[in-house]
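The values are calculated or read from the model by the stated rules, or taken from the named source; none is laboratory data. The structure presented is a predicted model; accordingly, all values stated were derived computationally and were not measured. Neighbour counts run over all protein chains shown; Cβ positions are idealised from the backbone, glycine included. Quick note on the areas: whole protein, heavy atoms, side chains included, nothing else; ligands and nucleic acids left out. Shrake-Rupley method; radii C 1.70, N 1.55, O 1.52, S 1.80 Å.
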Amino acid sequence: MALLPVIHQLVLAHELPDVRKAIGHGARILSRYESLTLFERREDGALDATLRCGEDLGPAAHLLEAALAESAVKTGGTLSTLDRVADDRDQARLDEYMASGKLCLVRPLRAYGDMIGALALHYDDKRVLDDEEFDSLRRFCDFAAASLTTARMRADLNGYAFTDPLTGLANRRRLESEFERLAGSRLALLLVDFDGLKNVNDMLGYDDGDQLIAAIGTALGALARPGEVVARYGGDEFVIMVEGAEAEHGRARADEITDVLDRLTLPSRIAGLFHGASVGWAAVESGEAAARALARAATEMRSRKRRRKTDRELDTAL
């Protein structure tokens, strides 16, 4: 009877961290373990421990469960300290663990035909699980694997929907979502526009233009501070949203970002066509829509761009 409510908790969990917590909690209800480790399989096939619950059993137990998890994923079957393994060192660990009166049981996690990880459970007071307990745990693991897979797919889709593929930064959709979430909050917005992309595209080609955009994105991402969202707004424009910032802070950040981008290291063929960046800023006033503040930042950016162009022309004339 306990299986239904714990499965319901899995179904209600959408984000990966919530699904992992629901797995730890649900397994505890169905089988009173001392310690639990959730292993998830990476794209390269390696297993990562993404959740640990209960007692910390130390490095020896971690080595033992990792070895059992790898074997369980390879064979597709449940393994425990009751089983025999081929590796002598691993078998010695299992024998030592069993001699201390403990049990480690590892159940592989498979969903939609793919092996996605394993669940390891440790018990101090059991040598074996009874049939009813093991069957509930087996069925729970099937649902857990499906929930993990669904949460991963949801996270991937969110990544595609809210991430700029060229720079890896947030995209315009993500920025507008943040504007809605933080409506009424104190914000500073910085609009970054760099000079030279058209010349790079026309003279060198779009691949070099993409390289320039990616380099700007990398530099802005490295400059980001806690509470800031950096987004590619489109073309050669980026927006930095600073949560909880006063106007003076926005002005200082604009100057700082301008200085860093002006000194950006680029391949020589691109560097000669790149003329730095102009950064405009505006604070979102009380009751103001973020889009209106962004328009004011764009006006400030264009003003700075004109001044910088004039300065370059004067330098060339001299």
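Tabulated values for the structure
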{"item": "T163, T258, reordered so the largest accessible area comes first (probe 1.4 Å)", "result": "T163, T258"}
{"item": "Two-site label geometry, E237 and E96: point separation in nm, points 7 Å out along Cα→Cβ", "result": "6.4"}
{"item": "Centroid-to-centroid separation of the range 234-308 and the range 145-224 [C-alpha atoms, Å]", "result": "15"}
{"item": "Average Cα contact separation per residue, the range 54-140, under 8 Å, 6 or more apart, as relative contact order %", "result": "27"}
{"item": "Value in Å of the Kirkwood radius, where the chain supplies the Cα pairs that are averaged", "result": "23.5"}
{"item": "Value at 222 nm in deg cm²/dmol, rounded to 500, when DSSP H runs of n ≥ 4 in the chain each add -39,500 (n - 2.57)", "result": "-17500 deg cm²/dmol"}
{"item": "Solvent-accessible surface ranking, highest first, for H122, H62 at 1.4 angstrom", "result": "H62, H122"}
{"item": "Nearest-10 value in Å² for the accessible area of E285, using the 1.4 Å probe", "result": "110"}
{"item": "D_trans [Stokes-Einstein, Kirkwood Rh over alpha-carbon pairs] for the range 2-105, 20 °C, 1.002 mPa s, µm² s⁻¹", "result": "144"}
{"item": "Debye intensity ratio in log₁₀ form over the Cα atoms of the range 100-175, taken at each q of 0.13, 0.16, 0.17, 0.23 Å⁻¹", "result": "-0.58, -0.70, -0.75, -1.00"}
{"item": "Normalised alpha carbon radius of gyration of the range 49-155 [divisor 2.2 N^0.38 Å]", "result": "1.08"}
{"item": "Per-selection Kirkwood Rh - the range 33-89 (Cα, Å, 1 d.p.)", "result": "12.3"}
{"item": "Cα→Cβ-extended label distance, 7 Å offset, between D135 and E285, nm", "result": "7.1"}
{"item": "Gain on full stretching of the segment that runs from T310 to A252 - 0.36 nm per residue minus C-alpha separation", "result": "18.6 nm"}
